[in-house]
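Peer 1: Here you go, one structure.
The values are calculated or read from the model by the stated rules, or taken from the named source; none is laboratory data. As the structure is a prediction and not an experimental result, all values here were calculated from the model. FYI the Cβ positions are ideal-geometry reconstructions off the backbone, even for glycines, and counts take in every protein chain you see. Note: accessible area is taken over every heavy atom of the protein model, side chains too, but ligands, DNA and RNA are not part of it. Shrake-Rupley method; radii C 1.70, N 1.55, O 1.52, S 1.80 Å.
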Amino acid sequence: MEEKEIKDYKQAGEIAKKVIAYAKELIKPNMPLLEIAQKIHKKINELGAEPAFPVNLSINEIAAHYHPTLEDDTKASGLLKVDIGIHINGFIADTAFSLDLTSDNKYKELIKASEQALENSLKILNKNPTLHQIGEAIQESIESKGFSPIVNLSGHELAQYKVHAGITIPNYANNNENKIEKGAYAIEPFATTGQGQVYEGGTSNIYSVIKPKNTRSPISRKILDYVWEKYQTLPFSLREIQEKFGPMTRLGIKELEQAGVLHNFPQLIEKSHKPVSQAEHTFIKTNKGIIITTQ
Ligand code: MN
Ligand code: MN
């Protein structure tokens, strides 16, 4: 990894830490998800960066992939996962936390389980563990508290303008004996009281460009020009496009989706519809060792 790249990863991490602190201060029970999404986006811009993906605001059994549209009146409640991505020149910081918004703190232990799993997996990185060993640390931490890890969600490698690149980091003790090479990675344990798997549900209102190409309507062309210039292959929100292009947005997005230009990310929902907690940090592995950029 080049010095410039390391610098950008670190800078993205520094900004992510500030945005996380801001979000923890900002979010209150019953606040509209739309307001949270808009304020977090604004904060990222004020700090001189762009989102690497739209902030994911996922409630209860939705493990990941939810962002409100302009018409969405969903309020923050229950067990809320806040997953934030920042990029500097395409180099990404990916970090998440969970909030218990219930009056009786009923998700406290479930949240602790994913946080503890993350901490325990980060702690062994200096021992050059196999992917199996990282997964084992996560699984044992979560199961020791009586919960289950979500086995079909995983941590991942990061690359320039790619949130999911190369290897995946398991949330359970799989049989992958490979070690982590130099590069950037996110570890993200998910803990649940349910069976520990997710399925793909309805739209997250998050999209990414798969393959830019010309479409018929002016609105679809304008949207593609805008998102390609700003995000390339990184995910973006329908909400941002609605704010920029107004009521014609959905038509343009639909045309781009049908033409195979855009991918629409589905919500990831726990199979037994039980609540899910998440914790996540990004680290880089360089010649000088491990740096956790978002902690
Ligand atoms: Mn994330
Ligand atoms: Mn991630």
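Peer 1: In this structure, is I111 within 16 Å of ligand 2 (Cβ to nearest atom) and under 27 Å from G194 (Cα atoms)? Break it down into steps so the answer makes sense when it comes.
Peer 2: Working: within 16 Å of ligand 2 (Cβ to nearest atom): no; under 27 Å from G194 (Cα atoms): yes.
No: the conditions fail for I111.
Peer 1: Still on this model: Mind counting the residues in the stretch 142-158 that are in contact with a Gly (Cβ under 7 Å, 6 or more places away or on another chain) and in a strand (DSSP E or B)?
Peer 2: 3
Peer 1: Right, another one. Can you pull out every residue in the stretch 152-180 that is away from ligand 2 (no atom under 16 Å from the Cβ) and within 23 Å of I269 (Cβ to Cβ)?
Peer 2: Matches in the stretch 152-180: Y172, N174.
Peer 1: Mind telling me which of the residues A93, A137, A113, A117 ends up being within 30 Å of Q232 (Cα to Cα) and among the hydrophobic types (A, V, I, L, M, F, W, C)? Walk me through how you get there before you give the answer.
Peer 2: Values: A137 fails: within 30 Å of Q232 (Cα to Cα); A113 fails: within 30 Å of Q232 (Cα to Cα); A117 fails: within 30 Å of Q232 (Cα to Cα).
Only one candidate qualifies: A93.
Residue by residue, here is whether (1) touching a strand residue (DSSP E or B) at 6+ places or on another chain (Cβ under 9 Å); (2) away from ligand 1 (no atom under 14 Å from the Cβ) holds:
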{"residue": "S148", "(1), (2)": "yes, yes"}
{"residue": "Y161", "(1), (2)": "yes, yes"}
{"residue": "A165", "(1), (2)": "yes, no"}
{"residue": "G201", "(1), (2)": "yes, yes"}
{"residue": "K213", "(1), (2)": "no, yes"}
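Peer 1: How many of the residues in the stretch 81-117 are in contact with a helix residue (DSSP H, G or I) (Cβ under 8 Å, 6 or more places away or on another chain), in a helix (DSSP H, G or I) and open to solvent by 10 Å² or more (accessible area, probe 1.4 Å)?
Peer 2: 1
Peer 1: On the basis of being open to solvent by less than 60 Å² (accessible area, probe 1.4 Å), more than 17 Å from the chain's Cα centre (by Cα) and in contact (Cβ under 8 Å) with a residue 60 or more places away in the chain, does Q242 make the cut?
Peer 2: So Q242 passes the test.
Peer 1: Right, something else. Give, as residue ranges, the strands (runs of 3 or more DSSP E) completely inside the stretch 232-295 that count at least 2 residues that are β-branched (V, I, T).
Peer 2: 281-286, 289-292
Peer 1: Taking T249, is it within 16 Å of ligand 2 (Cβ to nearest atom), in contact with a helix residue (DSSP H, G or I) (Cβ under 7 Å, 6 or more places away or on another chain) and either hydroxyl-bearing (S, T, Y) or open to solvent by less than 50 Å² (accessible area, probe 1.4 Å) (or both)?
Peer 2: No.
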